[in-house]
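Read the figures in this text as sums done on the coordinates, not as results from a lab. What you see is a predicted model, and the numbers here were worked out from it, not measured in a lab. We place every Cβ from the backbone using ideal geometry, glycine too, and count neighbours over all the protein chains shown.
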Amino acid sequence: MLGLDKKDTTLLIVVAVLALFAPFLLNPFPTESALAQFNAGYPDLMQRFVIFGIFAIGFNILFGLTGYLSFGHAAFLGVGSYAAVWMFKLLGYNVVPGIILSVIVAGVFALLIGFISLRRSGIYFSILTLAFAQMSFAMAYSVLTPITNGETGLQVYSSDNPLFQTATDPNVPHLFGLVMRESYTMKVGAWSFSFNNGYYLCAILMLVAFYISIRIFRSPFGLMLRAVKSNQQRMNYTGLSARPYTLAAFVISGMYAGLAGGLLASMDPLAGAERMQWTASGEVVLMTILGGAGTLIGPVLGAGFIKYFENIFSKINESTLHGWFSWLPDPIEDPLVWLLEHFIGGGWALTLGTLFMLVVIFLPGGLVEGGQRIGRLISGKSRGTEDETGKPAATSHPAE
Amino acid sequence: MGILEVKNVNKRFGGLQALGNVNLSVAENTVHAIIGPNGAGKSTLLNVLVGKLIPDTGSVMFDGKSVLGRAPYEINQMGISRVFQTPEIFGDLTVMENMMIPCFAKRDGAFELNPLASVGKQTDIVERAEQMLIDMKMIDKRHMHAASMSRGDKRRLEIGMCLSQQPRLLLLDEPTAGMARADTNNTIDLLKQIKAERDITIAIIEHDMHVVFSLAERITVLAQGTPLVEDTPDKIKGHPKVREAYLGESA
């Protein structure tokens, strides 16, 4: 189907079904129950899942295939956001021009940065991209205030007077009248599920992005990108020029980041410089590695994993912990709560760091490798059969 | 006029004259060996031929066109393929993928943006790569991870990858270095077979005299960056200058 083989088609369908039914799947606990704090089925978080999924899918095309580790991809996300908000200011609140322009602007910006940064490889490439992203951040914060509105952040003012905004149009981002922030809430017994317009727009675009990424992985172009990672020397002596390939991968992944940025702005018409900061660039690196770099589904899993735990852990506070451990005697409860409270709320980064270390040490292939190991345990296949075919699953079967 | 003409090439690294007035002519459809003791400049000469080094003076013409100042990938596209001393293959990829990459390079050139095409549907490339694997007697290993193969198989694959581009000149840099005797003999047989079946010029840089005298039709002896003699293997064997260069004056 759609030019994919059976396995890839299955993967795409599974992801599509998960995305479609996410409002149900992410809200397994009744609204009033104590476990409701672990629900993730609210619009804002679901939008983040798919938007950062797009960001990570694009990043994986560069990092997973060519091995070039960019530490500045948040710059393209930020540029995409600014482009989208400018479209709202100039043309009106319909998100279509904003999303299209965010992809184009991020692509042009990536071409410029990639052209210079790709003169070097390895650590020097990473540092160059990091430098460019921090420059972009600093400029957005100060020098470029007329364009970016500095530290206040770019937003639409009532004095803007967009070109195509009529009195009847909604005064918030919309898709031909369909307001992004509106949701339909379905109540079933004690459960409540919300279906958000913005989420479904993002989810559809994520599926398109995912589909294109599968096609790239399976194309001769994708094969060449893997060749770049494997042996550039052999590549040069095989009549292939590595630089245009890496540059193309860089621009494509920059456009993915721009799309993610445009969608962030479409969900909430704001764009701030902090979106370009290096922590944001580092986050997408973590997502990709945590999920499984070089695999198709890994980055999406990684993005979902990080965004979910970020939200859940940030919400837990000291009194929640006391509630959980109240059955323990006080001399044990207090030190335990004291210890754990460093890992929750604002200290969530500590949890993320610990999880990341555990994954990198015990599951170098990321969550995808974890899934494969569990799958192997269940199906009872011994490792021996895997070795006979001479195909270590992690590298030669990126789709698994 | 040979297919490869090296004229008056000089290359100096600081105080070291690595190549001094090298003249070399490789005739089409021959096997030409370049031998010489350690430090004779063999590798420097090879790096000049493939575009990795640019000589200080002189000219290198391949098929009437200068190769100087061109990037390695451009020189490869002109029809020169290189086999490395340690096999350079795409270790993370399967044997079949390894073989398809040079086929794509031959068909599509140095860069082709086709992110939405499907590798499996490029039937011409798949067929060509499979045929080459059959020729190399490696078709049963097609799904193997290239890095997990033995050294001899890696060498075989690398030679196959070079041949799949139908090069006019195949450059071999000590192709049997570090190999066991059996693997060395297999490689010699493979190269003999390649020569018998194809119109191809082979230039080989080698240390192992057994390999050189089994394969070469012409031999150039390089010593201290300068060609001493160029002749047929029979004449080279007994040449006093060659013995001197290899064994020292007293011999």
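Can you sort B:ILE89, A:ILE216, A:ILE378 so the residue with the fewest Cβ neighbours within 10 Å comes first?
Working: B:ILE89 25, A:ILE216 22, A:ILE378 8.
Ordered by Cβ neighbours within 10 Å, fewest first: A:ILE378, A:ILE216, B:ILE89.
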Largest first and in whole Å, give the semi-axes of the stretch B:128-248's equivalent ellipsoid, each being the square root of 5 times a Cα gyration tensor eigenvalue. 31, 16, 12
The long-range amide H neighbours of B:ILE34, using H built 1.01 Å from N in the peptide plane and a cut-off of under 5 Å, are B:ILE204, B:ILE205, B:GLU206, B:THR220
In the Gaussian network model of chain A, springs joining C-alpha atoms below 10 Å, which of A:GLY302, A:GLY371, A:GLY272 carries the largest mean-square fluctuation? A:GLY371
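Among the listed pairs B:LYS137/B:LYS235; B:LYS141/B:LYS195; B:LYS52/B:LYS121; A:LYS229/A:LYS315; B:LYS42/B:LYS195, which have their C-alpha atoms separated by more than 32 angstrom in this model?
Numbers: B:LYS137/B:LYS235 36 Å; B:LYS141/B:LYS195 24 Å; B:LYS52/B:LYS121 35 Å; A:LYS229/A:LYS315 40 Å; B:LYS42/B:LYS195 23 Å.
Correct reply: B:LYS137/B:LYS235; B:LYS52/B:LYS121; A:LYS229/A:LYS315.
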The stretch A:95-141: Cα Rg divided by the 2.2 N^0.38 Å rule of thumb: 1.34
Compute a Gaussian network model of chain A, connecting alpha carbons closer than 10 Å, and tell me which residue from A:THR320, A:THR246, A:THR185 fluctuates the most. A:THR320
May I ask you to list, by number, the DSSP H helices of chain A whose Cα span along the axis is at least 27 Å and whose average Kyte-Doolittle hydropathy reaches -0.5 or more? A:43-66, A:95-117, A:122-141, A:197-217, A:242-267
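Kirkwood Rh and Cα-based Rg: tell me the resulting Rg over Rh for the stretch A:34-86, rounded to two decimals.
Details: Rg = 14.9 Å, Rh = 13.2 Å.
Reported Rg/Rh (Cα atoms, Kirkwood Rh): 1.13.
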What per residue convex hull volume, in Å³, comes out for the stretch A:69-177 when only alpha-carbon positions are used? 96 Å³
Work out the charge dipole of the stretch B:45-186 with +1 on the Cβ of Lys and Arg and -1 on the Cβ of Asp and Glu about the Cα centre, then indicate which of B:THR57, B:ALA182, B:PRO72 is farthest towards its positive end. B:ALA182
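Quick one, what does Rg over Rh come out to for chain B if you take C-alpha atoms and the Kirkwood Rh? All intermediate terms of the calculation are to be shown ahead of the outcome.
Numbers: Rg = 18.8 Å, Rh = 19.1 Å.
Radius of gyration relative to Kirkwood radius: 0.99.
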With a point put 7 Å past each Cα toward its Cβ, work out how far A:HIS322 is from B:ASP124 in nm, to one decimal. 7.6 nm
Largest first and to the nearest Å, give the Cα extent of the stretch A:265-335 along each principal axis. 47, 32, 21
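Rg(Cα) of the stretch A:1-61 divided by 2.2 N^0.38 Å?
Dividing the Cα Rg of the stretch A:1-61 by 2.2 N^0.38 Å gives 1.41.
Mean separation of Cα pairs under 8 Å and 6+ residues apart, divided by the residue count of chain A: what relative contact order is that in percent? Mind dumping the intermediate values first?
Numbers: 648 pairs, mean separation 105.9, N = 400.
Relative contact order of chain A: 26 percent.
Nearest-5 percent of antiparallel DSSP beta bridges in chain A? Show your work: numbers first, answer last.
Details: 10 of 11 bridges.
Antiparallel bridges make up about 90 percent of those DSSP assigns within chain A.
May I ask you to list the chymotrypsin sites (Phe, Trp or Tyr not before Pro) in the stretch A:64-173 that are in a DSSP loop and have at most 15 other Cβ atoms within 10 Å of their Cβ? Don't skip to the answer; put the middle values down first.
Numbers: sites: A:TYR68, A:PHE71, A:PHE76, A:TYR82, A:TRP86, A:PHE88, A:TYR93, A:PHE109, A:PHE115, A:TYR124, A:PHE125, A:PHE132, A:PHE137, A:TYR141, A:TYR157, A:PHE164; in loops: A:TYR68, A:PHE71, A:TYR93, A:TYR157, A:PHE164.
When the chymotrypsin sites (Phe, Trp or Tyr not before Pro) of the stretch A:64-173 are filtered for loop state and at most 15 Cβ neighbours within 10 Å, A:TYR157, A:PHE164 remain.
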Amide H to amide H under 5 Å from A:SER219: which residues, 5+ apart in sequence or cross-chain, H placed 1.01 Å off N in plane? B:VAL119
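Which whole-number value in Å³ per residue fits the convex hull of the alpha carbons of the protein assembly as shown?
Values: hull volume 145.0 nm³, N = 651.
Spread over its residues, the Cα hull of the protein assembly as shown gives 223 Å³ apiece.
On full extension of the chain, what length is gained from A:LEU18 through A:ILE361, given 0.36 nm per residue of separation minus the C-alpha to C-alpha distance? Could you put the intermediate results ahead of the total?
Numbers: separation 343, 0.36 × 343 = 123.48 nm, distance 2.91 nm.
Gain on extension, A:LEU18 to A:ILE361, equals 120.6 nm.
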Semi-axes of the stretch A:292-375 from the Cα gyration tensor (sqrt of 5 times each eigenvalue, largest first, whole Å) come to 31, 14, 11
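Inside 10 Å of the C-beta atoms of B:48-54, what's the mean count of C-beta atoms belonging to other chains?
On the way: counts 0, 0, 2, 2, 3, 0, 0.
Taking the mean over all residues of the peptide, I get 1.
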